């Protein structure tokens, strides 16, 4: 658990290489045999502003960020826009130290760069006094000038890693290995030199702390990746060969990974002028016979509402990803939130006919992306993957065997020319693309260019060959046919051996936690802690948002007396969806909500849950409890 893990936070300014340094630190720990998990925090600026990354590491698998952290490497912000204490945003240069102290656990270690954070600045924030109050162990070091002495100031990151390794009594072998792999010539030699110099200088300190790195080992080959990697790799394995998009945080990660890799698979990536064009281009590619995807975040996805409705009306398969961020409007572009659920479910015109999945972790992101492509192309409708900055940006080790799967280049339910020849046609010779289907709601599909497969594709309500038709009888038949797909998909998902809903905890527990998407594994760690404390509780992570898994959630709620719904938004959107689908359980459901831009820590869920069941009504600045109806 948290107490036995290293929780290392590196803090600096955006542009200081904090993200890349943290990734290399995490990779080194992973190669040494440990399990790792990262959490990234950065401001909504192009450059400058306080940023940090946490790396949690331990000998056992890690599901979530920890509670606070126990080692701070504060580099200072070398891109600070001002250094004046009374400026609007304060003295930004020292924020990597001053703004991280509240989360540092008692007895933690602090290394800070006196090259940017001088004695006067440190005195202004009472660093010595606070260290004494909290049992912190201070190790100030002039990393900036050490880096300058060895070549370039940017190498103070490497110096900070060297100091960290010394204080934790870590072997620098894996850091040296990573430097050698990534660099060559003078840059490589200079970084190796400063790593060694910083290590030796820190080793001379009189250690006052007892924090050390654990030993571990891996039985299988491991890779370090994020949920964005998993979604992109799954799309490639699913046969996706076209992506169109416009950059928008945090969706940009998936778009970038796909753009970097598609050409190697014979595919095409297009950056276009806006999100309407992006979604429309993906529809065009799919209509022409290519597996296609697009996506965005927040306001960008709002612009996709019209093409999304067009995909539903024309029954054109496509996969869209929606990377949620804190809104409304621009909101907090780089912060995690689950506030777009209702938008994703219902945006567009008329009654929506779409699949929506919200994977709970990296493995599920891969699996459910593949399922999204399969269902989209088998049932001729849009499938949407909902995730957020937490899942998209956090990195952890995963078995590389996860990706040992056969690729799926097929276009799903598409007719061959021979089958088209035998299929129904209008007297004019046009193919009955939208003929009223059987039990599953899926009409036969041809691809432009196939002999005898021509039809009209229009956003208007249409008859069997695509011509505009507004008779009441036709409207009911076409709507019923499209909506039947959702029942068919739900039945297919219910019949599969592997469910998208994930369970954790003792089956006989009388208390429950329900969650969705990226909070799942944090909830599961909290459940483990609660059971260790003698509180019998189990949890269910829901990924199927549309069509809703009524039977599975009903069975879970039937088995518990009370259930807390944990989610990152202010209005309890998933609780609202559950009550809409399963209103009879409304009196069992309460909410634990967080919407400050930071994902839950396991300890917050533990505290909130314990308070909810003893009636003390948890809440406060960062976490809000909403009781069950009637309480």
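Nothing in this text is a laboratory measurement; each read-out follows from the coordinates by a stated rule. Computed from a predicted model, the values in this text were never measured in an experiment. A quick note on method: Cβ atoms are made from the backbone with ideal geometry, for glycine too, and the neighbour counts reach across all protein chains shown.
For the reader, a short list of remarks on this structure follows.
- Dimensionless Rg ratio for segment 417-495, taking C-alpha atoms and the 2.2 N^0.38 Å reference: 1.16
- Counting beta carbons within 10 Å around each of 136, 251 and listing the fewest first gives the order 136, 251.
- Sorted by Cβ density within 10 Å, fewest first, the residues 614, 121: 614, 121
- Inter-label distance for residue 183 and residue 456, nm, one decimal - labels placed 7 Å from Cα along Cα-to-Cβ: 6.5 nm
- Mean shadow area of segment 365-449 over all directions, Cα convex hull, nm²: 8.4 nm²
- For the pair segment 179-207 / segment 117-163, the C-alpha centres are spaced 17 Å from each other.
- Helix 173-182 and the long axis of the chain differ in direction by around 60°, with both axes built from C-alpha atoms.
- For the listed peptides 607-613, 272-278, 372-378, a ranking on the average number of other beta carbons within 10 Å per residue, highest first, reads 372-378, 607-613, 272-278.
- Separation of alpha-carbon centers, segment 365-409 and segment 458-519, rounded to whole Å: 18 Å
- Rounded to two decimals, the Cα-based Rg/Rh of segment 56-198, with Kirkwood Rh, is 0.99.
- At 1.567 mPa s and 4 °C, Stokes D of segment 502-626 from Kirkwood alpha-carbon radius, µm² per second: 91 µm²/s
- Our summary gives the chain a relative contact order of 11 percent, counting only alpha carbon pairs under 8 angstrom and 6 or more residues apart.
- Annotation: average projected area of segment 324-419 is 8.6 square nanometres, based on the convex hull of Cα atoms across all directions.
- Packing-based exposure ordering (other Cβ within 10 Å, fewest first) of 50, 287, 218, 150: 218, 287, 150, 50
- Among 174-187, 310-323, 381-394, the order from most to least packed when residues are scored by Cβ within 10 Å on average: 381-394, 310-323, 174-187
- Its alpha carbons considered, segment 134-279 gives a radius of gyration followed by a Dmax of 21.4, 61 Å.
- Three principal axis lengths of segment 1-79 [C-alpha, angstrom, descending]: 37, 24, 18
- Helix axis angle, 520-532 relative to the chain longest principal axis, alpha carbon, degrees: 60 degrees
- Kirkwood Rh in Å, taken over the chain so that all alpha-carbon pairs contribute: 26.3 Å
- If you model segment 262-331 as an ellipsoid using its alpha carbon gyration tensor, with each semi-axis the square root of five times an eigenvalue, the axes come out at 22, 15, 9 Å, biggest first.
- Angle between the chain longest axis and helix 252-261 axis [Cα atoms, degrees, rounded to 10]: 80 degrees
- Only helices enter this figure: runs of n ≥ 4 DSSP H residues, each worth -39500 (n - 2.57), summed and divided by the residues of the chain, yield -11000 deg cm²/dmol at 222 nm to the nearest 500.
- Equivalent-ellipsoid semi-axes of segment 161-235, from the Cα gyration tensor, Å, largest first: 29, 20, 11
- Relative to the compact-globule estimate of 2.2 N^0.38 Å, the Cα radius of gyration of segment 224-401 comes out at 0.92.
- Spatially, segment 223-297 and segment 547-590 are offset by 33 Å when compared through their Cα centroids.
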